[in-house]
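Student: Structure in structure tokens, see below.
Taken together, the values in this text are just the output of simple stated rules run on the coordinates, not laboratory data. These numbers were taken from a predicted model, which means no experiment stands behind them. Glycine also receives a Cβ, built like all others from the backbone with ideal geometry; neighbour counts cover every protein chain displayed.
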Amino acid sequence: MKRFSKRRQCILDDLESRTDHPTAEMVYSSVRNEIPSISLGTVYRNLKELADEGSIISFTQNGKEHFDGNNHPHIHVCCSVCGKIGDHPLPKGLFQPENDPDFDITNVIIQGICSDCASKQSEESA
């Protein structure tokens, strides 16, 4: 296994401590508290490498790339109104393709409207 630099380890630690599915800019803002000299380019490069090696999950939602330190297979439930993203367990076999039973699901994205936004929409239409 490749040895992590202090910067890469700081980025990974930051992601693993979060549940908000940050963008690269959000990670950059956070890790600058620990490493003030870090550049946005360094954060982007390390996030890409961490995602490529499977240490983190990277996905695009509402036109922005988001990152998740939880690299275990799970569902991302995304609100198309406010952009909130939540994690839910991935029920075994639920999304298994019939024509490829050995296919390993690592990330599922479900888009909809969260209960807060649905309530606001109901109140506005009443």
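Student: Taking the chain, how many lysine pairs are there with alpha carbons less than 15 Å apart, if each pair must be eight or more places apart or span two chains?
Tutor: For the chain, the number of qualifying lysine pairs is 4.
Student: What's the magnitude of the charge dipole for the chain around its Cα centre, counting Lys and Arg as +1 and Asp and Glu as -1 at the beta-carbon? Answer in Debye, nearest 20.
Tutor: 580
Student: Against the longest alpha carbon principal axis of the chain, how many degrees, from 0 to 90 and to the nearest 10, is the axis of helix 40-52 turned?
Tutor: 70
Student: Asp52 to Asp100: FRET efficiency via 1/(1 + (r/R0)^6), r the Cβ-Cβ distance, R0 30 Å, to the nearest 0.05?
Tutor: Calculated value: 0.85.
Student: In vacuo Debye scattering of the chain, one point per C-alpha: log10 I(q)/I(0) at q = 0.11, 0.12, 0.15 Å⁻¹?
Tutor: Per q value, in the given order, log10 I(q)/I(0) is -0.47, -0.55, -0.78.
Student: I would also like to ask the following. Using Cα-Cα distances under 8 Å and only pairs 6 or more residues apart, what relative contact order does the chain have, in percent?
Tutor: 21
Student: Would you calculate a helix-derived [θ] at 222 nm for the chain, using -39,500 (n - 2.57) for each DSSP H run of n ≥ 4 and dividing by the full residue count, to the nearest 500?
Tutor: On the way: 4 runs with 43 residues, N = 126.
So the helix-based figure for the chain works out to -10500 deg cm²/dmol.
Student: Ser30: net charge of surrounding residues, Cβ under 11 Å, Lys/Arg +1, Asp/Glu -1, itself excluded?
Tutor: My count for the surroundings of Ser30 gives -3.
Student: Sticking with this one: Explain nothing, just compute: Karplus ³J(HN,Hα) = 6.51 cos²θ - 1.76 cosθ + 1.60, θ = phi - 60°, for every residue of region 115-120 in order, whole Hz, x for Gly and Pro.
Tutor: Per-residue couplings from phi come out as 5, 5, 5, 5, 5, 4 Hz.
Student: Another question, if that's okay. Please list log₁₀ I(q)/I(0) at q = 0.14, 0.16, 0.17 Å⁻¹ for region 52-126, using the Debye equation with identical point scatterers on the alpha-carbon positions.
Tutor: -0.56, -0.68, -0.75
Student: What length, rounded to one decimal in nm, is gained on full extension from Thr60 through to Ile109, with 0.36 nm per residue of separation minus their alpha-carbon distance?
Tutor: The span from Thr60 to Ile109 would gain 16.7 nm if fully extended.
Student: By how many degrees, between 0 and 90 and to the nearest 10, does the Cα long axis of helix 6-16 differ from the longest principal axis of the chain?
Tutor: In the chain, helix 6-16 runs at an angle near 20 degrees to the longest axis.
Student: Next question, about the same structure. How far apart, in nanometres, would the label points at Lys6 and Ser39 be if each is projected 7 angstrom from Cα along the Cα-to-Cβ direction?
Tutor: 1.8
Student: Modelling each spin label as a point 7 Å along the Cα-to-Cβ direction, I'd like the Ser125/Asn70 distance in nm, to one decimal.
Tutor: The modelled label-to-label distance comes out at 3.0 nm.
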